[in-house]
């Protein structure tokens, strides 16, 4: 021990030990925190997976051709189980000239066109043979050909549909590489009430917020 | 052992422990980075042999991570095809099915959510994006007095995102698709800032994809799983469209508002629309980006 170096006092030794102790505890706490990473879990809340029904590509209605293809029950289309041949069912109207849909057909809600103008069943159904349609030029069409029936009135939309522009296409854009499938009118439109009904939208995006705030409430003013 | 030595050694031990703990995030590095990947060449300079090796590496990585052997391809643009997208604003009902079909097809992160399509709700009679709301969630859509405008990558002829990339990790291919090489991207996010359509998304964290929702049909420039710190965006479903199929967002649209095809083919749906339909909007056309994405209204 040289004479110039002073031996530290007991007080400064205590202080050194105290500082070292605090640093040790601090380091240990830091190590524990980093290994456990308690905030990792809290900042990454689970976002529920979207309902698979929103991923489905199937059309929401089935056409007659679809039912035939699936060999489904076609008893709804056997009109002459109830109706008589060569005796077309009469149509009844109320005072406002609104068609009265009989109880046997209560699943049909009439809503084709505005102002109740298109309320004659035989505009489309064939009076003389209920198993076919009657097109506007007087010819008969099978149930499978319903899209042509629609086209006899809705010309521009039919033209677009034939070009693949009205309604959805599935399959291949490049027809040399694969097949494409065009939906029929009745796959999307109910012929008795063709306006497409409203539906529940898929969930909105969950914004990247840390921590995640509660879901934004829909603005009352914009939804009315 | 004296008290001093005990304190010294315990402090040293704790210090080493803390050092090891602070380096622990490096353990996760092994999940998405390897020497092969680090030494990988630039996409345009790779030979077919190089690409075959890269594809095997990606397939192995995906299998290790998700337990599913994917089918990864490097699909090149078709000759005589340039893609255009048309979207009918009269038909769109804002149901967001396209958003989720896209997420499912393209293996985007579910947590946090990354979505390429953002559906804007706008009041009738306005195209003012400032009035748009993309977080709408009513009981049913469409709502009266509003129309819906889905916005995704517009695949511009003159893409600002490509111009700003400092490492050429994103470029426009000859079929019009602007692609990203996720292995070349440095994550600077310049392209995100440059894009006027908010079409580019950044992986702030490691993407989370549930195994049961992983799409094993993958392509190198398309929907292979991304890693943390890279950009991604809509690529017109390269893994589908470059083999002739329609994109996923189109195939799920319940009203047929989305139309996709080859503009060089006069018989395609998009050629028909651009010829026959009346009103077109290229979003923010004053930017001079000249999108390949057209919005139109029915007569």
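Bear in mind that the values in this text are calculations on the coordinates, not laboratory data. On a predicted model such as this, the values are computed, not experimentally measured, just so you know. Note that each Cβ is placed from the backbone with ideal geometry, even for glycine, and that neighbours are counted across all protein chains shown.
Points worth noting:
- Relative contact order, percent, the stretch B:83-297 [alpha-carbon distance under 8 Å, six or more residues apart]: 31
- Classification of chain A by its C-alpha gyration tensor yields a prolate form. The axis ratio a/c (a ≥ b ≥ c) is 1.5 or more, and a/b outweighs b/c.
- GNM top mover of B:141, B:119, B:103 - chain B, alpha-carbon springs below 10 Å: B:141
- Per-residue shielding of B:129-137, expressed as the average number of other chain Cβ atoms within 10 Å of the residue Cβ, stands at 4.
- Average other protein chain Cβ within 10 Å of Cβ, residues B:104-117: 3
- The ranking of B:164, B:72, B:252 from fewest to most other beta carbons within 10 Å of each one's beta carbon is B:164, B:72, B:252.
- Per-residue Cβ neighbour rank within 10 angstrom, fewest leading, B:83, A:27, B:6: B:6, A:27, B:83
- Rounded to the nearest 10 degrees, the inclination of helix B:48-66 to the longest alpha-carbon principal axis of chain B is 70 degrees.
- 0 to 90° range, to nearest 10: angle between helix B:3-22 axis and chain B longest Cα axis: 20
- For the stretch A:63-203, the relative contact order is 20 percent, taking Cα pairs closer than 8 Å that sit 6 or more residues apart in sequence and dividing their mean separation by the residue count.
- Shown for B:206, B:76: other C-beta atoms within 10 Å of each C-beta, ranked fewest to most, produce the order B:76, B:206.
- 0 to 90° range, to nearest 10: angle between helix A:10-36 axis and chain A longest Cα axis: 20
- Shape class for the stretch B:83-297, computed from the alpha carbon gyration tensor (a ≥ b ≥ c): rounded, with a/c under 1.5.
- A Gaussian network model of chain B, with springs between Cα atoms under 10 Å, assigns the largest mean-square fluctuation among B:239, B:172, B:108 to B:172.
- Comparing B:268, B:140, B:219 in a Gaussian network model of chain B, where Cα atoms under 10 Å apart are tied by springs, the biggest mean-square fluctuation is seen for B:140.
- Label point of residue B:131 set 7 angstrom out along Cα-Cβ; within the stretch B:139-158, amide nitrogens under 13 Å from it belong to B:145-148.
- Counting, for every residue in B:265-276, the Cβ atoms of other protein chains within 10 Å of its Cβ and taking the mean gives 3.
- Whether the stretch B:1-156 is rounded, prolate or oblate, judged on the alpha carbon gyration tensor where a/c under 1.5 counts as rounded: oblate
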